Amino acid sequence: MSDSTATENAIKRYIVKDTWKDFEVTLEVDHSILTEERATMINEFWMDHDDRLDQENGNVVRAVIRLAGTSLINTFLDGGASFSDTSTGDYVSSSFHDEEGWGGTIAGSAYGWCGIRVIAADVEQPSFDDVALVEVAL
């Protein structure tokens, strides 16, 4: 197996999807970078790391991928995001890598220190039609 084939086999795509809205983020993960050791460092940087591990049946790599998706969805909720083009994904990935806890960018790598890059997102801000007004008693 050549080095390029090994690298290609280490790269997988995941969709992190909100369970009650149609929010989703597509992430590409280089598992040769996001190893169990590195994922443990990222997971333990953040609060509630044991809860995330429990929810992913002890799989720290899956917990960190899910955490990354959650973090990105929360960021996108502020202004909404809908993209699937490489240039936007690269920009968002770079910004994400430079956030505290994700290890920063690495020259020449689209995956940064954490091994995760953003491929696409579909997160809409609530619109006027999505909310209701209800009068409550004083």
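The values are calculated or read from the model by the stated rules, or taken from the named source; none is laboratory data. Worth saying up front: this structure is predicted, and the values here are computed from it rather than measured. When we count neighbours, we look across all protein chains shown, and the Cβ atoms used for this are built from the backbone with ideal geometry, even at glycine.
Just give me the residues in region 42-74 being out of contact with any helix residue (DSSP H, G or I) (no Cβ under 8 Å at 6 or more places or on another chain) and assigned to a helix (DSSP H, G or I), in sequence order.
Scanning region 42-74 gives E44, F45, D50, D51, D54, R62, I65, G69, T70, I73, N74.
Pick out the one residue from V64, V60 that is closer than 16 Å to Y111 by Cα, out of contact with any Pro (no Cβ under 6 Å at 6 or more places or on another chain) and at pLDDT 95 or above.
On the way: V60 fails: closer than 16 Å to Y111 by Cα.
Only one candidate passes the filter, namely V64.
Quick one: in region 9-47, which of the residues that are over 17 Å from the mean Cα position of the chain (by Cα) and surrounded by fewer than 12 Cβ atoms within 10 Å (Cβ to Cβ) is modelled with the highest pLDDT?
My answer is E37.
Which residue is modelled with the highest pLDDT, if the candidates are limited to region 107-138 and must be acidic (D, E) and not in a loop (DSSP other than H, G, I, E, B)?
Applying the first criterion (acidic (D, E)) to region 107-138 yields 122, 124, 129-130, 135.
Cutting the leftovers down to not in a loop (DSSP other than H, G, I, E, B) gives us 122, 129-130.
Details: D122: 95, D129: 84, D130: 81.
Top of the filtered list is D122.
Can you tell me which of (1) surrounded by fewer than 18 Cβ atoms within 10 Å (Cβ to Cβ); (2) at pLDDT below 95; (3) not in a strand (DSSP E or B) is the one G104 doesn't meet?
So G104 meets the others, but not (2).
Under the condition of being in contact with a strand residue (DSSP E or B) (Cβ under 9 Å, 6 or more places away or on another chain) and charged (D, E, K, R), which residue from region 80-101 is modelled with the highest pLDDT?
In this case the residue turns out to be D90.
Go through region 8-41 and give me each residue that's within 30 Å of D130 (Cβ to Cβ) and either touching a Pro at 6+ places or on another chain (Cβ under 7 Å) or of a type outside the set (D, E, K, R) (or both).
Y14, I15, V16, T19, W20, F23, V25, T26, L27
Out of S93, S71, S127, which single residue is under 26 Å from E8 (Cβ atoms) and either exposed (fewer than 13 other Cβ atoms within 10 Å of the Cβ) or without any contact (Cβ under 8 Å) to a residue 60 or more places away in the chain (or both)? Even if it seems obvious, please write down each step before you answer.
On the way: S71 fails: under 26 Å from E8 (Cβ atoms); S127 fails: under 26 Å from E8 (Cβ atoms).
None of the other options fit; the residue is S93.
Does V136 satisfy being within 13 Å of the chain's Cα centre (by Cα) and of a type in the set (A, V, I, L, M)?
Numbers: within 13 Å of the chain's Cα centre (by Cα): no; of a type in the set (A, V, I, L, M): yes.
In short, no.
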